[in-house]
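Heads up: the structure comes next, in structure tokens.
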There are 2 protein chains.
Amino acid sequence: MQPCSLRRISLNQKTTERWNVQEAVEGCVRADVPWIALWREKVAEAGLQSSKRLVRDAGLQVSSLCRGGMFPAATAAERAARLDDNRRAVDEAAELWADVLVLVCGAAPDRDIGSARQWVKEGIAELAPYAKDRGITLGIEPLHPMYAAERSVVVTLAQALDLAEAYPADEVGVIVDVFHVWWDPDLEAQIARAGDRIKGFHVSDWIVPTPDLLMGRGMMGDGKIDIRGIRQLVETAGYGGPIEVEIFNQIIWYTPGDIVLAQMKQRYVEHV
Amino acid sequence: MQPCSLRRISLNQKTTERWNVQEAVEGCVRADVPWIALWREKVAEAGLQSSKRLVRDAGLQVSSLCRGGMFPAATAAERAARLDDNRRAVDEAAELWADVLVLVCGAAPDRDIGSARQWVKEGIAELAPYAKDRGITLGIEPLHPMYAAERSVVVTLAQALDLAEAYPADEVGVIVDVFHVWWDPDLEAQIARAGDRIKGFHVSDWIVPTPDLLMGRGMMGDGKIDIRGIRQLVETAGYGGPIEVEIFNQIIWYTPGDIVLAQMKQRYVEHV
């Protein structure tokens, strides 16, 4: 299979955690990375209008805004507050001309994972029409099951698709992140099922031994994921959009951003 | 739901890692724990005949021997060696009158998870008739997907059942460990499907924040798993056998075994 065009590479801001929006935008320009995925906390720090100006003046495109979701909470009041925050996330995504608002759906506040899953379903039902009216696609991202207790009760692509299929494909889709889904025995079938609901493709690697649940992702090529194989599945399903490099890793975070971007481009050509 | 009878509690030796077989057997007797799950490395250390005598003289029953499996390897010679070792594991299980040989199926030596899964299938096909002739049931234990790169490419109950269903239920079954399966959106359906193929039920908890991939399990009640709810599913499916407490946790390993056994009995009554 051919290497992937660098026209599709996107810097997910989490990969260069110490850079603010301006630094990340300038880094992308220097490295000729045409896409960027922004995080809300970074956008808030820089200011929404300022972030928007920086990105547009640099000629970058925003592959996604990370992240909405986190729907489950112990009380109805807290869940309503989370929904308000999700509406603000949609507004920000629209302002930034982001293609997609990524949803990390949230964990149960207690031992009742079933209720948490129901709250996720209800939260998306509230949010979807609001996002539709503003031209923002919601991308449900199933997280690795090791995050089920703290970040997302949505843990498989099948489950994300079950949620998404209640809506038209241009309103609610899914995000395929190789780190989160590579282990799934049902991966090939579910990616085929996803088809034009795939709204994002994220890459990193699973390193061995895995140093940490959250901060243990690796640079593409340093681990055990058949990234190119999964890219082929995703493309066969019809996805041709940006490919975000999203790596939570303390060592990479300590590395100067320009070096990280140079390395991620090289590894993208070799392994994605 | 009623608490579970203490007649079903089993000490999985991993919970008291610093105890050898003799210490674990004596600890069970002191704590009135009627079952024990032995680990091969501990049995080898104590000697097979000596372990057998210790267990029988104490009047304990062996809920399982841990563990066979680890089928995938880079070369045919290595895979053959692994199979030889699995046959020895079956022999040891038979000698110890263990109900079940637990299979932790192994990880891919490279990025090809599909081939590794095929080797697991072939390994079980080789081992099953050997085990059957010696009256040993094989219990395929799906591990949490976070172990897919290092310990087991079998990561869901559905996948374990797909493998097991090629054989009669008394020859090849599955092990349900709450730590490994609690996150699965398909859990209820797959436990119902498993029915009389459930050959073991293991308990511990998922603690938050999770300190470590391997050593981060918690005592029942300290985490987010609805253990009693899963016990109910397993019982509804027909399982009434021993319930192993299996906890990999450095703090618990540092705690004197008698204290661990007292606490695990109390938590078992409260949470299992």
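Computed from the coordinates by the stated procedures, all read-outs in this text should not be read as laboratory data. Here the structure is a predicted model, which means the values were calculated and not measured. Positions of Cβ are generated from backbone atoms using ideal geometry, with glycine treated the same way; all protein chains shown enter the neighbour counts.
Observations, loosely collected:
- Taking the Cα centre of region B:6-271 as reference, the dipole from Cβ charges on Lys and Arg (+1) and Asp and Glu (-1) amounts to some 300 debye.
- Cβ crowding within 10 Å ranks A:ILE227, B:ILE252 as B:ILE252, A:ILE227, fewest other Cβ atoms first.
- Translational diffusion coefficient (Stokes-Einstein; Kirkwood radius from C-alpha pairs) of region A:6-271 at 10 °C, 1.306 mPa s, in µm²/s: 86 µm²/s
- Dipole orientation for chain A: of the candidates A:TYR167, A:ALA93, A:GLY223, A:ALA93 has the Cα lying most toward the positive pole (charges on Cβ; Lys, Arg +1; Asp, Glu -1).
- Beta-bridge orientation, the protein assembly as shown: approximately 10 percent antiparallel, per DSSP, counting only bridges with both partners inside.
- Estimated vicinal HN-Hα couplings, Hz - region B:16-27 in sequence order (Karplus 6.51, -1.76, 1.60; Gly, Pro = x): 10, 4, 7, 7, 7, 4, 4, 5, 5, 4, 5, x
- Stokes-Einstein, applied to the Kirkwood radius of the protein assembly as shown over Cα pairs at a viscosity of 0.890 mPa s and 25 °C, places its translational diffusion at 100 µm² s⁻¹.
- Pairs of C-alpha atoms in region A:101-173 farther apart than 19 Å represent 28 percent of all such pairs.
- Close amide H contacts of A:PHE248 (hydrogens built in the peptide plane, cut-off under 5 Å, sequence separation of 5 or more or a different chain): A:ARG217.
- Diffusion coefficient of region A:1-137 by Stokes-Einstein, Kirkwood radius over Cα pairs, 37 °C, 0.692 mPa s: 206 µm²/s.
- Reducing region A:110-164 and region B:1-23 to their Cα centroids gives an inter-centroid distance of 38 Å.
- For region A:184-224, the equivalent ellipsoid derived from the alpha-carbon gyration tensor has semi-axes of 25, 12, 9 Å in decreasing order.
- Calculated P(r) of region A:201-272 - Cα pairs past 21 Å, %: 25 percent
- Between this copy and the others, label points of B:ASP85 are 4.7 nm apart in ascending order, each placed 7 angstrom from Cα in the Cβ direction.
- Ordered by the number of other Cβ atoms lying within 10 Å of each residue's own Cβ, fewest first, A:GLU45, B:GLU246, B:GLU26, B:GLU92 fall into the sequence A:GLU45, B:GLU26, B:GLU92, B:GLU246.
- Summing charges over neighbours of B:PRO211, with a neighbour being any other residue whose Cβ is under 15 Å away from its Cβ, gives -3 when K and R count +1 and D and E count -1.
- Bridge orientation summary for chain B: considering DSSP beta bridges with both residues in this region, about 10 percent are antiparallel.
- Under-5 Å amide H pairs with A:VAL154, H placed in peptide plane, nonlocal only: A:CYS105, A:GLY106, A:LEU143
- Across the identical copies, how the A:SER115 labels are spaced - nm, sorted shortest first, 7 Å along Cα→Cβ: 4.9
- 7 Å along Cα→Cβ, label-point gaps from A:GLN22 to other copies, nm, shortest first: 7.2
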